[in-house]
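Worksheet: one structure, shown below.
The values are calculated or read from the model by the stated rules, or taken from the named source; none is laboratory data. If you're wondering where the values come from, they're calculated on a predicted model, not measured in any experiment. With ideal geometry, Cβ positions are generated from the backbone for all residues, glycine too; neighbour counts draw on all protein chains shown. Side chains are part of the model used for accessible areas, which takes the heavy atoms of the whole protein and leaves out ligands, DNA and RNA. Shrake-Rupley method; radii C 1.70, N 1.55, O 1.52, S 1.80 Å.
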Amino acid sequence: MRTLRPGLLVEGSDGPYLKSLVERQLDELVLAGSSQTVDVLRCEVSPVRSNDRPELVLAAAEELAADCDIVFVHGDQDAVEARRKLVAALEQRRAAAPRAGVSVPLVPVLMTESWMLADRKALQSVVGELADYPYPGPSAVEKRVVLKGGKTRLTPKEVWKALLGSDGPEVLHDSAELLVRRTDLAVLAQVPSYRTWCEDTERALRERRFL
C-alpha cells in the first residue's frame with residue numbers, strides 16, 4: 001500500500017472546509033483511477049497564510065513540499081496570478097529536489113464560498129431550508145447574483161452571510177467537515193473552477209505515479 005500525504009496553504013479562514021474537501025476528492029480520484037491501493041493521509045495545513053509576505057509563503061510551501069506528495073496553494077480570484085507565480089517558483093525549485101511534492105494552485109473563482117454554495121441540497125441538509133437561495137444551477141456560483149427583492153449584485157461571501165446571518169462564518173467553520181461529507185462531488189464538478197482544480201490534481205497524481 002502507498003500513502004499519499006497532501007499539504008495545504010490556505011488564504012483565510014477556509015482551512016477546515018478546504019482540508020476536508022482535499023482529503024475527500026483525493027480519495028475519490030485514487031479510488032477511481034489508481035491501479036494501486038493508496039491510503040490518503042490527513043491533509044497537513046500550514047500555519048502560514050498564502051497571502052502573507054511572499055518570502056514567508058515560499059518558505060512555508062517548501063517546508064510542506066518536503067513532507068507532502070502534493071501541495072495545494074489556495075487563493076481567491078484576486079490572487080490568481082500570485083498563486084500561479086508561487087506554484088511556478090516551487091516547481092522550479094523542485095528540479096533540484098525531485099522528491100519534493102508537486103504544487104497545485106487551488107483557486108475558486110471569486111472565493112471559496114462559491115464552492116460551498118454549489119450543492120444546495122447538501123447545504124440545506126446542514127443549515128436548514130434556504131428559501132432565498134439565488135443560484136439556478138451549480139455553475140452560477142461563479143457569478144455575482146442579486147437576491148430576491150435586492151438590487152446589488154452580491155459575491156458568494158455576501159450571499160453566504162445573507163442566507164445564514166451574522167453567524168455565517170461560525171457555521172462555515174463548525175459545519176465544514178459535515179458539509180463536505182454531504183456534498184455531491186458530481187455537483188461540484190459542474191463548477192468550472194472546481195473542475196479545473198480536479199484536472200490539475202489528476203496531473204499531479206500522475207506525475208507522482210499515484211494514477
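The table below lists the values:
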read-out: Within segment 1-27, tally of residues that are more than 12 Å from the chain's Cα centre (by Cα), hydrophobic (A, V, I, L, M, F, W, C) and modelled with pLDDT of 95 or more; value: 1
read-out: Candidate set from segment 38-81 (those that are among the β-branched types (V, I, T) and more than 13 Å from G12 (Cβ to Cβ)); member that is nearest to the chain's Cα centre (by Cα); value: V73
read-out: Enumerated strands (runs of 3 or more DSSP E) restricted to segment 1-60, each holding at least 1 residues that are among the basic types (K, R) and surrounded by fewer than 17 Cβ atoms within 10 Å (Cβ to Cβ); value: 2-4
read-out: Qualifying residue in segment 109-125 (condition: at pLDDT 85 or above and in contact with a Ser or Thr (Cβ under 6 Å, 6 or more places away or on another chain)); value: yes
read-out: Condition broken by E142, with the remaining ones in (1) closer than 30 Å to V87 by Cα; (2) touching a Gly at 6+ places or on another chain (Cβ under 8 Å) satisfied; value: (2)
read-out: Extreme residue, modelled with the highest pLDDT, among residues of segment 65-83 that are surrounded by 15 or more Cβ atoms within 10 Å (Cβ to Cβ) and charged (D, E, K, R); value: D69
read-out: Those helices (runs of 4 or more DSSP H) lying entirely in segment 95-211 with at least 2 residues in contact with a strand residue (DSSP E or B) (Cβ under 6 Å, 6 or more places away or on another chain) and open to solvent by less than 10 Å² (accessible area, probe 1.4 Å); value: 192-207
read-out: Verdict on V87 being open to solvent by less than 10 Å² (accessible area, probe 1.4 Å), of a type outside the set (D, E) and more than 15 Å from G12 (Cα to Cα); value: no
